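What follows is a short report on a single structure.
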Amino acid sequence: MATLIKGGRIVTAEGDYEGEVLIENGKVRALGQDLPAADGVDVHDASGLLVMPGAVDVHTHLDWEFGTARTVDTFGTGTMAAAFGGTTSVIDFANQSHGKSPLEGLEDWHERCRSRCVDVGAHMIVLDPFPQALADLRTLAREEGVTSFKLFMAYPNVLMVDDGVCFYVMREAAKHGAVVCVHAENGYAINILVQEAVAAGNTAPKYHYLTRPPELEGEATARAITLAEYAGAPLYVVHVTCSQALDAVARAKDRSDLIHGETCTQYLFLTSQELERPGFEGAKYVFTPPLRSQAHQDELWQGLRRGDLSVVSTDHCPFCFEEQPYGMKFSKRQGEAEGFHKIPNGGPGIEHRFSVFFDGAVSKRGMSLSKFVELMATNPAKLFGIHPKKGTIAVGSDADIVLFDPVARWTIRAAEQHSRVDYSLFEGFEVQGKVQKTFLRGNLIVDGDQWLGREGMGEFLKRGESGRL
Ligand code: URP
Ligand code: ZN
Ligand code: ZN
């Protein structure tokens with residue numbers, strides 16, 4: 001079955017032009033003008049629309065056990081929401097358990113991931129580097145297509161590892177073509193600040209941001225970079241939120257091609273003021289690292305402009321605000337009685353990244369369309385070993401394509417989203433730019449408000465060498 005997309009403006013990281021896309025067998029077969037189309041070809045008129053590569057979100061936590069909580073989106077609901085938002089590839093987090101092989105963690109993740117509606121790959125969270133576990137990292141990278149390992153320098157007693165673990169894992173990554181992703185905050189110092197706040201009776205949601213200062217993100221970022229450089233490993237600093245961390249990444253990028261930084265939509269559009277909302281409302285904005293001041297946000301925009309930050313992802317880690325209908329395990333409310341330190345950390349975003357970022361970056365700040373595509377699709381695909389199959393529109397690449405109306409205006413409402421979460425960080429945002437159609441490997445899966453995809457149609461992304469642009 002062939003599909004022809006005609007009349008639109010094709011945008012890639014390299015440039016944009018008027019042209020047609022011919023799709024056959026799930027791949028881009030030809031690009032150009034007046035392409036010869038066989039009888040029965042399925043024609044889509046993209047007049048007035050942008051024809052962009054399906055977006056790649058490399059930071060999600062779907063159906064994930066996190067301390068006492070579990071994220072509320074299954075792979076089915078989370079990836080359907082992604083598709084409505086123009087995202088056709090997701091890289092999610094599998095995790096090792098203490099004393100167990102990371103390969104078991106991957107097996108468990110594969111089970112949970114079966115309901116995926118778009119293509120999904122896995123990073124591996126490493127917690128326990130006993131000798132066989134380190135040997136298994138080789139298998140992950142070289143045989144299983146899991147070419148990124150995640151380390152948390154925060155969340156003591158849940159996910160945090162010390163510098164020795166970081167160094168062990170970085171050396172393995174360097175040997176096997178993998179990149180290390182790091183959550184960089186000084187978890188030891190933050191733990192002290194949190195305990196002191198709680199002891200003083202300061203338990204409102206706003207103490208989440210007041211106990212996690214940017215200096216402690218900057219310190220950990222610089223430390224992770226030093227360790228990675230010494231180990232010779234590529235490093236991807238996830239969710240950079242502040243000038244201190246950004247400066248560390250920018251300095252490292254001046255001397256190395258192996259250090260990269262990501263920020264997320266929420267840090268570009270929201271500030272710590274959200275945590276000051278009355279009552280428990282601020283809990284919706286409890287995620288880590290926390291939202292920062294306007295000055296830090298402005299720095300992040302500069303970092304994107306200069307190229308010091310290479311990716312805008314979501315860190316989609318959705319917990320409902322209310323207990324119902326899924327239960328307390330999935331709800332922010334479980335932290336209400338004891339205080340901010342018991343609120344599940346995480347926020348939703350998988351569905352709205354494309355439009356919110358398009359509006360803020362292209363419509364309001366004049367970012368070029370190619371730069372937009374680079375940050376949403378091409379760079380993440382390159383850094384995580386799935387380019388040029390994903391992240392571009394080129395002959396031979398997967399036909400993951402978004403038809404995007406750059407002038408449509410609409411208002412974001414949680415009530416209309418497809419994720420199972422009961423709120424949006426961007427509630428009431430009036431944005432310019434809306435996904436009209438999403439194709440996954442040539443299959444039309446979103447057509448306006450209509451869902452044409454199905455659970456299970458997403459493929460596992462077995463990834464290649466990672467950590468380079
Ligand atoms: O608060 C967050 N970001 N939760 C998800 C885990 C992480 O730190 O990425
Ligand atoms: Zn994190
Ligand atoms: Zn995360």
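If we sort 456-466, 241-251, 359-369 on the protection proxy, mean other Cβ atoms within 10 Å, highest first, what's the order? Could you put the intermediate results ahead of the total?
On the way: 456-466: 18.5, 241-251: 23.1, 359-369: 16.6.
Taking the mean over residues of other Cβ atoms within 10 Å, the ranking is 241-251, 456-466, 359-369.
Rounded, prolate or oblate: pick one for region 132-173, where a ≥ b ≥ c are the square roots of the eigenvalues of its C-alpha gyration tensor, a/c under 1.5 means rounded, and failing that, prolate if a/b is larger than b/c, else oblate. Note, shape of region 132-173 comes out prolate.
In this structure, the amide hydrogen of Gly7, modeled 1.01 Å from its nitrogen in the peptide plane, lies closer than 5 angstrom to those of Gly19, Ala46, counting only residues at least 5 positions away or on a different chain. Most tightly packed first, judged by the mean number of other beta-carbon atoms within 10 Å of their residues, the peptides 141-152, 404-415, 335-346 read 141-152, 335-346, 404-415.
Taking a ≥ b ≥ c as the square roots of the eigenvalues of the Cα gyration tensor, an a/c ratio of 1.5 or more together with a/b larger than b/c marks the chain as prolate. In straight Cα distance, which lysines are under 23 Å from Lys390, not counting same-chain residues fewer than 8 positions off? Result set, ordered by chain and number: Lys6, Lys27, Lys150, Lys371, Lys382, Lys434, Lys437, Lys462. Expressed to the nearest 5 percent, the antiparallel share of DSSP beta bridges inside region 54-363 is 5 percent.
Relative contact order, percent, of the chain when contacts are C-alpha pairs under 8 Å separated by at least 6 residues? Numbers along the way, then the final one.
On the way: 1165 pairs, mean separation 103.4, N = 469.
This gives 22 percent for the chain.
Site pair Glu322 and Val158 shows an inter-label distance of 2.4 nm when each label is modelled 7 Å from Cα along Cα→Cβ.
Quick one: go through region 439-469 and flag any residue whose amide nitrogen is under 17 Å from the point 7 Å out along the Cα-to-Cβ line of Arg112. It comes to 456, 460-461, nothing else. The HN-Hα couplings worked out from phi for region 271-285 by the Karplus form 6.51 cos²θ - 1.76 cosθ + 1.60 (θ = phi - 60°) are 10, 4, 3, 4, 6, 8, 4, x, x, 9, 3, x, 4, 4, 9 Hz, whole numbers, x standing for Gly and Pro.
Assign unit charges at the C-beta atoms only (+1 for Lys and Arg, -1 for Asp and Glu), then state the dipole size of the chain relative to its Cα centre in Debye, rounded to the nearest 20. The partial results should precede the final answer.
Values: 46 positive and 62 negative charges, 84 e Å.
Roughly 400 debye for the chain.
With the simple spin-label model, which puts each label point 7 Å out from Cα in the Cβ direction, the Ser47 to Ala135 separation comes to 6.5 nm. Amide H contacts under 5 Å for Phe287: Gly346, restricted to partners 5 or more places along the chain or on a different chain, H placed in the peptide plane at 1.01 Å from N. Measuring from centroid to centroid over Cα atoms, what is the spacing of region 255-334 and region 376-395 in Å? What the calculation gives is 24 Å, centre to centre.
Coordinate-derived values only; no laboratory data. Because the structure is a prediction, the values reported are computed rather than measured. We place every Cβ from the backbone using ideal geometry, glycine too, and count neighbours over all the protein chains shown.
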